[in-house]
Structures are given as structure tokens and as C-alpha cells.
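Student: First the structure, which I've put down as C-alpha cells, then a few questions once you've had a look.
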């Protein structure tokens, strides 16, 4: 499957969602889910995997060869703790993010939809704050909803080594960072790592909330904005472009910290003026880059004076 998302212009607050479903049986019917097309390399037919005895997690179905790769396959229904009626022609969504290629088993694929992030409804705070929540947003399509899945959360919980690594060294002076991230688990991890690096952290759940904070005259402006890309209401690309187009905010460094920061998609962040881009979950590199960008801004300000 081609990555059609790269045809979208960065900063327009659009995304393309591939809709897939899990058949929960005649009483419950099909449950619709979606993920960003930019994360999907292709969709293949499942070879009919069965759960492995003694697997590290019940959702792990084993691995299959795919053009020189060994592709681990996870059963989404098992992870989501919902029933799945087996079918002959089930599919595997082959994804690439967090520097990992992973397959996710589902019943079938429906369509690809182009939508606006402003029309993606964030989950209710009571759901969003649950430790096990992996739904980042809801897309309304006429008579039904598509639930957007937080696949990064699944991989992080299955492989703790993804978030491992040395803690960043603390800054000599206290710095202020605005973190914009819709995933609760990732938001807390970034918060903790930057606090350890001597940052005073303010949190926002999406780009619109972050923009409201930045434009609030009663708040002390942050030294840097660190933003995810995929978020309900306003994505990170649109937030970055809006900041850089605003003379009052344009000097504030913006770092995009996302699983969508890849060699193929890095140009999109550059198009909207991002000062830096890092692939999740490189936390130590994130703190170092933030300090470097803040120092560069300070030097430029001193030279201008």
C-alpha cells in the first residue's frame, strides 16, 4: 500500500486514516478502528497464525518472513480484550514507527478516509486518564465512529526497552518546556524525563490547547515547545506552522517528537518550520536537543540586542 499521507500538505490539519475492523460475532458485529496511513507500509493476508504457547504476551502470534524481514505479528483483539470471530481471509497491517516494523492482526480493511484533525474528537477525560486506555480519538463518519488506536502505547507496554536509556543530565539553570502530547503514558514519560533534566514542564493534550496556553498573556512563555504530531483538534504540524506564522511566538523553538519523524516524512516538519525533529522514544536526545535550541535562541537574542 502506498503511503498516500505524504501527498497531504503539512500544516493543513489533515490526515488520512485507514479504517479496519474486528468481527466480534453476530451479537456485537464489527468494531471499527483506524490508524494513520503514514504508519502503514502495506496490508497483507494473514497466513493463518495461531497463538504461541509460552509467548511473552498472549497477543503475540509469532513472526513471519516478509521480503527479508522477520515480522512480529500481534493480535489486536487479544490486546484490546475483545472477542474476535476467526475468518479465512484475515489481514495483517504492516506498520513502521518507533523504528520498528510490526504486524497487527485484524479481521479486514474497509476504506481510507481523509479527515481534519479538528473533527477528531478526543476521548472523554475519564477514559483518557485510564492507565489502560489506548484510544486517542474518535472520527465520526455519518452513522458510526472510528476509534483511533494508540499503537505506540501497545509497543511500549510490550517492550519496555523502547523507553529505556540513560536519564538526561540536568541543566545548569531551570528551563521551561511546553509538552504537547495526547497519549497519557507518553505525556507522563516526557514530563518525568524533562523534570529530571531540570525543566519546568507545562502539559497540553493537543495543539489547540497548547496554542491557548502560548497566547495567554497571564502565563510565563515557555523556552521551548515539544509537540507530538498526531493529536485531536489540532496536529503538531499545524501547531508548528501557526507558531512560526505568529510574530509574537515565532522565535520560540519547536521540536516535533513523534513516531512519524522518519527519513521519508521528515521533510513535512521542515516545511512548517520545526526547529528540530526526533523519533519517539529517544528521551535523552530530546533533552539535549531542547537545551541546544534554547541556547541558540538566547545567543541570537543577545546578538540582536
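The values are calculated or read from the model by the stated rules, or taken from the named source; none is laboratory data. This is a predicted model, so every value here is computed, not measured. Positions of Cβ are backbone-derived with ideal geometry, glycine not excepted, and every protein chain shown enters the neighbour counts.
Student: Please go through the range 10-59 and give me each residue that is out of contact with any helix residue (DSSP H, G or I) (no Cβ under 8 Å at 6 or more places or on another chain) and more than 18 Å from residue 107 (Cβ to Cβ), ordered by number.
Tutor: 41, 52, 53, 54, 55
Student: Regarding residue 188, is this residue more than 21 Å from residue 35 (Cβ to Cβ), within 17 Å of the chain's Cα centre (by Cα) and modelled with pLDDT under 90?
Tutor: Judged against the criteria, residue 188 is a match.
Quick grid of which residues meet (1) in the same structural domain as residue 237 (by TED's automatic domain parsing); (2) exposed (fewer than 14 other Cβ atoms within 10 Å of the Cβ); (3) more than 29 Å from residue 180 (Cα to Cα):
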residue	(1), (2), (3)
51	no, yes, yes
60	no, no, yes
76	no, no, no
79	no, no, no
96	no, no, no
103	no, no, no
112	no, no, no
121	no, no, no
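Student: Please pick out the residue among 38, 63, 32, 77 that is under 17 Å from the mean Cα position of the chain (by Cα) and within 20 Å of residue 95 (Cα to Cα).
Tutor: Step by step, each of 38, 63, 32, 77 is checked, and only 38 is under 17 Å from the mean Cα position of the chain (by Cα) and within 20 Å of residue 95 (Cα to Cα).
Student: Residues of the range 268-305 being crowded, with 16+ Cβ neighbours inside 10 Å and outside any helix (DSSP H, G or I), which ones?
Tutor: Scanning the range 268-305 gives 272, 273, 274, 275, 276, 277, 278, 279, 280, 281, 282.
Student: Here is a check on your reading of the model: is residue 217 in a loop (DSSP other than H, G, I, E, B), buried (at least 22 other Cβ atoms within 10 Å of the Cβ), more than 17 Å from the chain's Cα centre (by Cα) and not assigned by TED's automatic domain parsing to the domain that holds residue 36? If you could, list the steps in order and put the result at the bottom.
Tutor: Details: in a loop (DSSP other than H, G, I, E, B): yes; buried (at least 22 other Cβ atoms within 10 Å of the Cβ): no; more than 17 Å from the chain's Cα centre (by Cα): yes; not assigned by TED's automatic domain parsing to the domain that holds residue 36: yes.
Judged against the criteria, residue 217 is not a match.
Student: Any residue at all in the range 83-94 that is closer than 28 Å to residue 140 by Cβ, crowded, with 20+ Cβ neighbours inside 10 Å, in the same structural domain as residue 134 (by TED's automatic domain parsing) and within 18 Å of the chain's Cα centre (by Cα)?
Tutor: Scanning the range 83-94, I find at least one residue that is closer than 28 Å to residue 140 by Cβ, crowded, with 20+ Cβ neighbours inside 10 Å, in the same structural domain as residue 134 (by TED's automatic domain parsing) and within 18 Å of the chain's Cα centre (by Cα), so the answer is yes.
Student: Which residues, counting only those in the range 123-162, are surrounded by 16 or more Cβ atoms within 10 Å (Cβ to Cβ), over 13 Å from the mean Cα position of the chain (by Cα), under 21 Å from residue 236 (Cα atoms) and at pLDDT below 85?
Tutor: If the condition is that a residue be surrounded by 16 or more Cβ atoms within 10 Å (Cβ to Cβ), over 13 Å from the mean Cα position of the chain (by Cα), under 21 Å from residue 236 (Cα atoms) and at pLDDT below 85, then 123, 128 are the ones that fit.
Student: If you check 256, 194, 260, which single one turns out to be modelled with pLDDT of 90 or more and under 22 Å from residue 122 (Cβ atoms)? Show your work before the answer.
Tutor: Numbers: 194 fails: under 22 Å from residue 122 (Cβ atoms); 260 fails: modelled with pLDDT of 90 or more.
The match here is 256.
Student: For the range 223-244, indicate whether the set of residues that are without any contact (Cβ under 8 Å) to a residue 12 or more places away in the chain and surrounded by fewer than 22 Cβ atoms within 10 Å (Cβ to Cβ) is non-empty.
Tutor: Taking every residue of the range 223-244 in turn, none turns out to be without any contact (Cβ under 8 Å) to a residue 12 or more places away in the chain and surrounded by fewer than 22 Cβ atoms within 10 Å (Cβ to Cβ).
Student: A further question follows. Starting from the range 273-285, keep only residues that are outside the structural domain of residue 253 (by TED's automatic domain parsing), then list their pairs with residues that are part of a strand (DSSP E or B) and surrounded by fewer than 18 Cβ atoms within 10 Å (Cβ to Cβ) whose Cβ atoms are within a distance under 8 Å, requiring at least 6 positions of separation or different chains.
Tutor: none
Student: So which residues in the range 237-267 are assigned to a helix (DSSP H, G or I) and either under 15 Å from the mean Cα position of the chain (by Cα) or within 18 Å of residue 211 (Cβ to Cβ) (or both)?
Tutor: Our first condition is that a residue be assigned to a helix (DSSP H, G or I); within the range 237-267, this holds for 237-245, 266-267.
Within the range 237-267, 237, 238, 239, 240, 241, 242, 243, 244, 245, 266 qualify.
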